[in-house]
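The values are calculated or read from the model by the stated rules, or taken from the named source; none is laboratory data. Everything quoted here is computed from the prediction, not taken from an experiment. All Cβ positions, glycine included, derive from the backbone under ideal geometry; neighbour counts span all protein chains shown.
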Amino acid sequence: MKTIKAGVIGTGFIGPAHVEALRRIAGVEVLAVGSIEPERGRELAERFAIPRVYDRWEPLVADPDIEVIHNCTPNSLHYAINRAAILAGKHIISEKPLTVNSRQSGELLRLLRKSRSVHAVNFNYRFYPLVQEARAMVDGGKLGKIFLVHGHYLQDWLYYPTDYNWRLEPDAGGASRAVADIGAHWLDLVQFITGLKIRRLCADLVTIHPSRQKPASAVQTFKGKESEAGAAGPSVRIRTEDAGNLLLEFEGGARGVLTVSQVSAGRKNCEAFEIDGSLCALAWNQEEPNRLWVGNRGGPNEILIKDPSLLSPSARRYAHYPGGHPEGYPEGPMNLFMNVYDFIRAGKDPRTARADFPTFEDGHWENLLVEAALRSNRSRKWTAVKE
């Protein structure tokens, strides 16, 4: 098996998660890590025996030995790095959002029409075994016609007005926060499972804390609850939403609703959905990922436990341990990356071959959904998603 060499840019929360996932995939070597914080870069490299460390992203992208770039940087850098990787002929796996707006993501799609660069977005929640099973059930007609899709994505890591992170700042994170940061995962997930695109929506977004205390030093994502960031700085006006509700209309007529929040006490990463069909219903919660609820009208409800022997063939390949052995968050990115690297190793052309992972087209569509939500919130009206 030919070894494919990768470089990971970014050493915050998600960069090390990419490295850990890649270390579990045969035939992949993490050759380099890049970080604007040299000490963190060196720490990560030493921890995982990564031979090369760069203190800027440009030389890592230009490294002739690196074939795949993992873009794990703040949102504002996604476009520049993804664009540079495409122009350098590298394959690219980007964190979401793909870019901070659809103009930028549309430009990346135009570049990809002339490129053989394999491209993926880390919508990792698709790759839990029971999410794949839910998709297989829908594809197999077991739910019948989809009536309703509803749920929430709730967190509490920005609960207090003293909680702070770069994601709060539009210049770094983009014009939307709660919807673009976590709502995008939920929206991608339910569209993937149902196979139905969202065509219209009505959004009501709210900033719970109109001002926050910015700490004197930077706070890593999710780390504000664990460590002190130093003396508080000045009060900062917040221009992105803490929470919101979205009414949804899917193609084919199904309706839905999403509640998204980063200020819900006690909710750590509660991404949950229910899909109600004419034959049965399905429900799943990311915090209990090894259980899929099946609701029935004419008989007992069911709980499907993650067990390879009970899953369809398409879902079974994503379950790596026997029944009763829980699988969780780290397996999602690993399963996604495995599909991407298999695609690369097979020499497939992304312009013609169907990908079994979310691509930049999916990232662009999520940008269009987020922008529709922002327009709807301003107009206080139902808004079509512009393609």
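Of note:
- Residues that are within 23 Å of the chain's Cα centre (by Cα) and closer than 19 Å to Arg345 by Cα, drawn from segment 30-44: Val30
- Of all the listed residues (Leu310, Leu282), the sole one being assigned by TED's automatic domain parsing to the domain that holds Ala136 and without any contact (Cβ under 8 Å) to a residue 40 or more places away in the chain is Leu310.
- Within segment 44-76, restricting attention to residues that are in contact (Cβ under 8 Å) with a residue 12 or more places away in the chain and of a type in the set (Asp, Glu), the residue that is surrounded by the most Cβ atoms within 10 Å (Cβ to Cβ) is Glu67.
- Taken over segment 254-278, residues that are closer than 22 Å to Pro129 by Cα and out of contact with any Asp or Glu (no Cβ under 6 Å at 6 or more places or on another chain) amount to 9.
- From the options Ala26, Ala21, residue that is surrounded by 14 or more Cβ atoms within 10 Å (Cβ to Cβ), more than 24 Å from Leu87 (Cα to Cα) and at pLDDT 95 or above: Ala21
- Hits in segment 170-208 - residues which are β-branched (Val, Ile, Thr), over 18 Å from Glu133 (Cα atoms) and over 17 Å from the mean Cα position of the chain (by Cα): Ile198, Val206, Thr207, Ile208
- Residues of segment 369-385 classified as among the hydrophobic types (A, V, I, L, M, F, W, C), closer than 13 Å to Leu205 by Cβ and over 19 Å from the mean Cα position of the chain (by Cα), total: 1
- Number of positions in segment 215-239 that are under 26 Å from the mean Cα position of the chain (by Cα) and modelled with pLDDT of 90 or more: 2
- Figure legend. Inter-residue proximity from segment 340-358: first residues surrounded by 11 or more Cβ atoms within 10 Å (Cβ to Cβ) and at pLDDT 95 or above, second residues among the small types (Gly, Ala, Ser) and not in a loop (DSSP other than H, G, I, E, B), beta-carbon distance below 9 Å, spacing 6+ or different chains. Indicated pairs: Val340/Ala120; Tyr341/Ala6; Phe343/Ala120; Ala355/Ala120; Phe357/Ala120; Pro358/Ala120.
- Gly323 being farther than 29 Å from Val8 by Cβ, touching an Asp or Glu at 6+ places or on another chain (Cβ under 7 Å) and either free of Cβ contacts under 8 Å to residues at least 40 places away in the same chain or not assigned by TED's automatic domain parsing to the domain that holds Gly140 (or both): yes
- Complete set of residues in segment 81-140 that are out of contact with any strand residue (DSSP E or B) (no Cβ under 6 Å at 6 or more places or on another chain) and among the polar types (S, T, N, Q): Thr99, Asn101, Ser102, Gln104, Ser105, Ser115, Asn122, Asn124, Gln132
- Scanning segment 370-387 for residues that are under 11 Å from Leu246 (Cα atoms), touching a strand residue (DSSP E or B) at 6+ places or on another chain (Cβ under 7 Å) and assigned to a helix (DSSP H, G or I) yields a total of 4.
- Output for segment 243-253, where each listed residue is out of contact with any helix residue (DSSP H, G or I) (no Cβ under 6 Å at 6 or more places or on another chain) and either farther than 16 Å from Thr383 by Cα or of a type in the set (D, E, K, R) (or both): Glu249, Glu251, Gly252
- Within segment 255-276, being in contact with a Phe, Trp or Tyr (Cβ under 6 Å, 6 or more places away or on another chain) and more than 30 Å from Pro161 (Cα to Cα) holds for one residue alone: Asp276.
- Taken together, Val33, Val8 contain a single residue that is closer than 23 Å to Ser117 by Cα and touching a Phe, Trp or Tyr at 6+ places or on another chain (Cβ under 9 Å), which is Val33.
- With respect to the conditions (1) surrounded by 14 or more Cβ atoms within 10 Å (Cβ to Cβ); (2) over 27 Å from Ile93 (Cα atoms), Pro234 lacks only one, and its number is (1).
- Among residues of segment 366-376, those that are crowded, with 24+ Cβ neighbours inside 10 Å and not aliphatic (A, V, I, L, M), counted: 2
- For segment 103-196, the helices (runs of 4 or more DSSP H) that sit wholly inside it and include 1 or more residues that are among the hydroxyl-bearing types (Ser, Thr, Tyr) and crowded, with 23+ Cβ neighbours inside 10 Å are 184-194.
- Set Gly253, Gly266: member being in a loop (DSSP other than H, G, I, E, B) and either at pLDDT below 95 or under 15 Å from Leu148 (Cβ atoms) (or both): Gly253
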